[in-house]
Amino acid sequence: MFSVLKNLGWFFRREKRRYSLGLFLLIAVGVLELLPPRLLGNAIDEIVRGSVTASSLIKYIGLIVALLLFIYWITYIWMHKLFGGSNLVERLLRSRFMNHLMTMTPSFFERNRTGDLMARATNDIRAVSATVGFGMLTLVDSTVYLTVVLLAMGFLVSWKLTLAAVLPLPLIAIAMVFYGKAIHDRYSLAQDAFGDMNDQVLESVSGVRVIRAYVQERLDEKRFADITEDVYRKNMAVARVDAFFEPTIRFCVGLSYIIGLTYGIYLVFRNQITLGDLISFNMYLGMIVWPMFAIGELINIMQRGGASLERIDETTGTQPDVTDLPNPVDVAAGPNGIELKNVTFRYPSSTIDNLIGINLSLERGQTLGVVGRTGSGKSTLLKQLLHEYPTGSGDILISGVPIQKITLDQLHSWMGYVPQEQILFSKSVRQNIQFGLENAGDDKIMDAITAAAFQNDLGTLSDGLDTLVGERGVSLSGGQKQRVSLSRAFIANPEILILDDALSAVDARTEAQIIENIRQERAGKTTLISTHRLSAVEHADQIVVLDNGHITERGTHEELLELNGWYREQYDRQQIENNLSN
Ligand code: ATP
Ligand code: MG
């Protein structure tokens, strides 16, 4: 039940001082609060005996007021310490979570949905933060404080009476064990459902245009209604157990009162305790009401925190499937040549081999063209160099070193990658391009923009380089997005540039211009280009044609034309189309 506290041990050890001070003061307040009732009881006994004087009465009142002020001050400090811990653990867990996501490879994101990850990063982390704040408070109040009050009742009033009054306590304990288990299970289900709902919202909002275009609004509303209904039902299941806590405890507290008071009055009549004793005792009874409720709160909050922490740990405990070897080879001289030897590769989620027996060798400075039918494996081949997935069989060598032995940081520092689906961030054009080269000056940025043939488009944007693009900014056309992504890769001036169908959305003339720029700017550096438009790779030193994961044709443009195969057929067809459209 308290495994969540054990699993957060690293946090409590880190915040040892905060928690020892906070908890110490919390307990101190508990002890001090015992005094006013006893003082009041004594005052009443003096009144009953008739020995009370004005000065002793003032003394009692003064003492009680001074105590209250003192308690006010200490309470402020422990509150501040304990609830501050809540915010701290939230921040720590969240940055841990995010850092972990950053080390994860694509296969992780194929398995985990964004909405659910977001639910874990917000909802679940908040539930854990409640355990280290309010949870710790209830922990102390339901254990230490309860014990202290009970001891005070025993020592300061009467043990017989105290024991009688706590008879219902075991009842609470038994009930809490049952409820606690139920809360844990039901709450886990509810959180999972919440993650699903998050995901649905994300998809509907980002796909709203398609949903409208296909008049699927009603269907989407229905889907959403179903999933919110599911979340509702699962949360109601939690609420049904939740609702048992309060009445159970109220009932037991009521029992304590009945037993305590009837038995207390009986003892007063038998002259075993005084009236003042009974009044003090009654006030102490009032003081154990909260600790009894705290037992319920404690169980509830610990179970929720535990379930949430399990969900968070499940994510942060996932090991990346591609990691650096303990003794990597440092290729300080940079990547010299690229060689693929009999590479066969399969995506983790695929049932067939997506690349089969690929042999390739590319010298530094050469350009490779990759063409082939859609789905033939062009992107898959290019991505082999990024080492995003665990390698298949065969060898991928860079400068003669197997790719597994090169650290990911070094590998990626050589690469400029323009993926098939461009990603622009919700930032200005300038900041998007600066992703390639930190703090790049405007002249460098303009060079990259010119190389990507984006300068004319830039003139049409309202704020030039400062125009916001991405989700919140102006919508760029597909071809404009591609060219901003290209600029980002160009400005990095990488050793190896990978363009995965990166010119698919620009017109033929612009493409020719960009290819010409690439040829000039990338002289001496390695470039890999995949494309459907063969004119984009005519100049390549080597072109491979892929089909179903196999290389079926290879050679230069001229050699491939002579082969009279797929390349020739495709080239002729594209020539005719070009002539028709001109
Ligand atoms: P296109 O011209 O449409 O871009 P492509 O030649 O780039 O196609 P790839 O994206 O390399 O094709 O895909 C090759 C095969 O691998 C396809 O059958 C595809 O379904 C499969 N595939 C691609 N990505 C994944 C993935 N992440 N997990 C599983 N299978 C994948
Ligand atoms: Mg592709």
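The values are calculated or read from the model by the stated rules, or taken from the named source; none is laboratory data. For clarity, every value in this text was computed on a predicted model and none was experimentally measured. Cβ sites come from the backbone with ideal geometry, for glycine too, and all protein chains shown count toward neighbours.
Starting from residues that are within 9 Å of ligand 1 (Cβ to nearest atom) and in a loop (DSSP other than H, G, I, E, B), keep the ones in the range 352-372 and report whichever is nearest to L503 (Cα to Cα).
Checked the range 352-372; the qualifying residue nearest to L503 (Cα to Cα) is N354.
Quick one: how many residues across the range 206-259 are buried (at least 17 other Cβ atoms within 10 Å of the Cβ) and among the basic types (K, R)?
Counting residues in the range 206-259 that are buried (at least 17 other Cβ atoms within 10 Å of the Cβ) and among the basic types (K, R) gives 1.
Please verify whether I352 is in the same structural domain as S462 (by TED's automatic domain parsing), of a type in the set (V, I, T) and either buried (at least 19 other Cβ atoms within 10 Å of the Cβ) or within 16 Å of ligand 2 (Cβ to nearest atom) (or both), treating the condition exactly as stated.
Answer is no for this residue.
What number of residues in the range 485-541 are assigned to a loop (DSSP other than H, G, I, E, B), within 16 Å of ligand 2 (Cβ to nearest atom) and of a type in the set (S, T, N, Q)?
Here the count works out to 2.
Here is a check on your reading of the model: is S393 modelled with pLDDT of 90 or more and either touching a Phe, Trp or Tyr at 6+ places or on another chain (Cβ under 7 Å) or within 13 Å of ligand 1 (Cβ to nearest atom) (or both)?
no
How many residues, within the range 391-430, are surrounded by 15 or more Cβ atoms within 10 Å (Cβ to Cβ), under 28 Å from the mean Cα position of the chain (by Cα) and of a type in the set (A, V, I, L, M)?
Final tally of qualifying residues: 6.
From the list V231, V210, exactly one residue is under 23 Å from L117 (Cα atoms), in a helix (DSSP H, G or I) and of a type outside the set (S, T, Y). Which is it?
After applying the criteria, what remains is V231.
Only one of T315, T323 is outside any loop (DSSP other than H, G, I, E, B), within 22 Å of N99 (Cβ to Cβ) and away from ligand 2 (no atom under 16 Å from the Cβ); which?
Only one candidate passes the filter, namely T315.
Could you list, in sequence order, the residues of the range 373-390 that are buried (at least 16 other Cβ atoms within 10 Å of the Cβ), within 13 Å of ligand 1 (Cβ to nearest atom) and on the phi > 0 side of the Ramachandran plot?
G377
Which residues, counting only those in the range 326-351, are within 16 Å of ligand 1 (Cβ to nearest atom) and in a strand (DSSP E or B)?
Of everything in the range 326-351, those that are within 16 Å of ligand 1 (Cβ to nearest atom) and in a strand (DSSP E or B) turn out to be L340, V343, T344, F345.
Give me the residue from the range 427-466 that is farther than 21 Å from A502 by Cβ and of a type in the set (S, T, N, Q) and, out of that set, modelled with the highest pLDDT.
Only one residue fits best here, namely S428.
Having 1 or more residues that are among the aromatic types (F, W, Y) and closer than 23 Å to V148 by Cβ is the bar; report the helices (runs of 4 or more DSSP H) wholly within the range 1-83 that clear it.
Filter on the range 1-83 gives 9-14, 16-32.
Residues of the range 16-35 being farther than 15 Å from I64 by Cα, of a type outside the set (S, T, Y) and either touching a strand residue (DSSP E or B) at 6+ places or on another chain (Cβ under 8 Å) or without any contact (Cβ under 8 Å) to a residue 60 or more places away in the chain (or both), which ones?
Correct list: K16, R17, F24, L25, A28.
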